[in-house]
1. Scan the range 445-478 for residues that are more than 18 Å from E428 (Cα to Cα) and of a type in the set (D, E, K, R) and report the count.
2. Collect the residues in the range 375-407 that are under 20 Å from S359 (Cβ atoms), among the hydrophobic types (A, V, I, L, M, F, W, C) and exposed (fewer than 11 other Cβ atoms within 10 Å of the Cβ), keeping them in residue-number order.
3. Kindly list the number of the only condition in (1) closer than 20 Å to L415 by Cα; (2) in contact (Cβ under 8 Å) with a residue 12 or more places away in the chain; (3) surrounded by 15 or more Cβ atoms within 10 Å (Cβ to Cβ) that fails for E445.
4. Which numbered condition in (1) within 27 Å of G98 (Cα to Cα); (2) of a type in the set (S, T, Y); (3) surrounded by fewer than 10 Cβ atoms within 10 Å (Cβ to Cβ) is the only one that S451 fails?
5. Under 6 Å between Cβ atoms, which residue pairs at least 6 apart in sequence (or on different chains) link something in the range 341-367 that is small (G, A, S) with a partner that is assigned to a helix (DSSP H, G or I)?
6. Criterion first (touching a His at 6+ places or on another chain (Cβ under 6 Å) and either modelled with pLDDT under 85 or aromatic (F, W, Y) (or both)) does Y407 satisfy it?
7. Name the pairs whose Cβ atoms lie under 8 Å apart, with the first residue in the range 478-496 and within 19 Å of S451 (Cα to Cα), the second assigned to a loop (DSSP other than H, G, I, E, B) and of a type outside the set (V, I, T), and 6 or more positions between them or separate chains?
8. Limited to the range 384-424, what total is found for residues that are in contact with a helix residue (DSSP H, G or I) (Cβ under 7 Å, 6 or more places away or on another chain) and among the β-branched types (V, I, T)?
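The values are calculated or read from the model by the stated rules, or taken from the named source; none is laboratory data. The model shown is predicted, which means the values in this text are computed figures rather than measured ones. With ideal geometry, Cβ positions are generated from the backbone for all residues, glycine too; neighbour counts draw on all protein chains shown.
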Amino acid sequence: MEKYDVKILENEKLTSNLPLRDNSEPLLEKNGIIKIGSWVQEGDILVGKITSRLSSKQLSLEKENLNLNIVQYEQLLYDIVDQDFIKIQETSFRVPSGISGRIIKISICYEKETFSTNIRGLPIFGPPRSTLRHRRPSQSTLPIPHSISYHTIYNSLGFAWASASGATPTPSEYEGGLRTFEPSNLRASNLNYWKKNKNHNYKRVWWWDLFIQFSNKKFQKFYLNPRFLKNQPKQFIRKSKIVKVVIYIATQRKLKVGDKISGRHGNKGILSKIFGNYDMPFLLNGECLDILLNPLGVPSRMNVGQILECILGLTGHIFHTKFQTVCFDEINGYEASRSLIYSKLFKSANQTKQKWLFSKKRPGKVNIFDGRDGLIFHQSVLVGYAYIMKLIHIVDEKINARSTGAYSLITQQPLRGRAKQGGQRVGEMEVWALQGFGSAYTLQELLTVKSDDLMGRNRLMLTLLKNTPLNFGTPESLRVVLRELQSLCLDLNILY
């Protein structure tokens, strides 16, 4: 499961109409987001976005139909190739490298616009728009129609009306004056707006969040009417904006050479070879083995628990039981473990009538046959059932190659790594792996011209064109070490 958070900046816009050069048709909705259930691969568009190449000041001048000097070098480039200048730039979010799968879930986060930053003393209702001529800046533009009685609203809301002076309003004030809700006059117990913040500063509050909690259904029916919402001023009702898109991609990967697997006792390793079922070793009853583990992993890490798990797993599979072992006594621990293992193996051999499961000479080990030629192996092998899991260290996410790119300023070694489409230096452990195979020439190239040999890197192209032997130079890392030693007042010279 891969999760990607895509943030939408202020100068970006979601759209499905993208200026693509390859004339491809992405599987996008009208809002520019990928469809659920689509199969995506590396480089496919997940969220279509465009960004204006002009600044906000340039856009304002363009709206006023003024002669705007676009960036000179870009305009000159488009004039040379005889193309029109594109004022927008495609900045879509694409599938990262090495990822392919199916879209299973999309979460969209909206930004809730507000009509005021300070909710203290904010008037919610007022007279019709025709009478709003001398209103104060803190008063709302939402009117109360004449068809609804003020006393009905007062009784249905459970709020206390307050005039500007704080006294009880008169009928004349009901008819002509504006109504203001004060925090002290709110008597609705289900509204907790005033308890959340001492300053009552709410920048993200929907105006209809207050209306949903009203008990009068007729009042809700009127104010949630689309015709009524359409006629309201724009500064009061604003559309929300998508600020973040979360996309979940389900990927399915099979085991490959180089993947990392592990048990429950710290026994981890790398897959070295994968064979077919017909080439794997098999037992006397013809059952093939699934995984072959290197026996050197047991004494190196001293985790003997995997041996107990393997043998007890075999007997537990036969008897359909589960075992739970505790710490053995230091004095009688060896005999207790032997008696437990041998007794279970002996019972399993008698119940299945397969005597090869338990041997008095080699208890716990059985003879296996080579699946390639059918010959028996000379030594007996421990066979059983164990819990093996696949770790997140997948070889598909580690293999990377680049032709050229950024180098470090001091050591002159490759930078950025695989995540940023860059290179990775050959470190100490990688050198050990190549030395084990005796690849001297590969090591020489990786540690010189492909890494930090400046002179050899510059002469490489010339030698390839003229087909002449390449003379390797001195790595830059050696120069760095010499400078560090000289800073410690240690001077190294070669004596002939």
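1. 3
2. L375, the sole residue that qualifies.
3. Of the numbered conditions (1) closer than 20 Å to L415 by Cα; (2) in contact (Cβ under 8 Å) with a residue 12 or more places away in the chain; (3) surrounded by 15 or more Cβ atoms within 10 Å (Cβ to Cβ), the odd one out for E445 is (2).
4. (3)
5. S348/T315; S348/I318; S348/L357; A349/K355; A349/L357; G364/I311
6. No.
7. Filtered contacts from the range 478-496: L482/L492.
8. The qualifying residues number 2.
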